[in-house]
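The values are calculated or read from the model by the stated rules, or taken from the named source; none is laboratory data. These numbers were taken from a predicted model, which means no experiment stands behind them. Cβ sites come from the backbone with ideal geometry, for glycine too, and all protein chains shown count toward neighbours. For accessibility, only protein heavy atoms count, side chains too; no ligands or nucleic acids. Shrake-Rupley method; radii C 1.70, N 1.55, O 1.52, S 1.80 Å.
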Amino acid sequence: MAFNRIVDRKFDALNSRTPIVTCPTGQISLFSAWILCLLSATGLVVASYFLNPLCFYLSPAALAVIWF
């Protein structure tokens with residue numbers, strides 16, 4: 001969700017249905033949104049490590065699909 005807010009912040013600012021989204025309004029800085037995104041990605045990789053080795057090895061691929 002954080003990555004989506006970062007990528008779509010210009011569209012959200014122009015869209016009348018999303019007037020209170022935090023990134024375009026400046027409630028959360030772009031830097032803070034990136035930090036949240038990176039911490040969430042790190043949490044996914046750490047959690048996948050504790051599930052099993054296959055999940056851990058595939059977690060970068062899952063992040064790549066989500067981000068790109």
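Remarks
- Put a dot 7 Å past the Cα of LEU39, heading toward its Cβ, do the same for VAL65, and the two dots end up 2.7 nm apart.
- Between ASP8 and LEU54, the distance separating the two model label sites (each 7 Å from Cα on the Cα→Cβ line) works out to 3.2 nm.
- In the assembled protein chains, VAL7 presents an accessible area of approximately 80 Å² (probe radius 1.4 Å).
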